[in-house]
Amino acid sequence: MDATVLGALIGLVGVSAGAGATFGGVVYQQRHASRAAETARRRGEAVTAAEKLLAELLVMQQNLRRGAYDVTGDEVHEYNRARSRHHATVQLHSQWLPDAELRTRLGINALYTQIGPAGDPRSDVQRRADGMSLCLDSIACLGAFLRSEPIPQRDAATLEVLARWPQGQSMDRFIVSGPSVSADETPNTPTG
């Protein structure tokens, strides 16, 4: 084998190795870019959901502050409707949050804002104040999430509210929706 053929073969192997390395680098770069874009997209969805949750919590706090006093019948209906929708709204938007602990905490806080134990001796004012405290806890958690900080510990007031109904923390929380049926409406029944 002569030196020129050997040099050509070595050059061909070098060019092939260079082309393979370049191709591998391009594939790696494309995969890395697509992973980074997917991560950014998911983070964007989570931030959007957190912002919607913050808006919901602020509206709920406002409703709890105002209560159902000195309002018309339609406003009382809307107040009660907003309280019952609050839990479902929090459950829905929290599904875009990547942290399971955060989702659970927001769900428990929303549940306790809406309902409490049977025979709850607290006054309406105290229940509303406790609901506002739970909303503040949820707002603090979402703020920490948006700043990429760890979820803060619950404060003593929030722990006291949760201690009133410990079995509520282990309940399964479902989004349940159905048609609203007023007293003058009857469900469709077959006649025959």
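Only the coordinates and a few stated rules stand behind these numbers; no lab work does. Worth saying up front: this structure is predicted, and the values here are computed from it rather than measured. FYI the Cβ positions are ideal-geometry reconstructions off the backbone, even for glycines, and counts take in every protein chain you see.
Spin-label point model (7 Å from Cα, Cβ direction): what's the THR4 to GLN29 distance in nm?
For the pair THR4/GLN29, the computed spacing is 3.7 nm.
So how many Å³ per residue does the convex hull of the Cα atoms of the range 46-170 work out to? Present the calculation step by step, with values, prior to reporting the outcome.
Numbers: hull volume 12.7 nm³, N = 125.
Residue-normalised Cα hull volume stands at 101 Å³.
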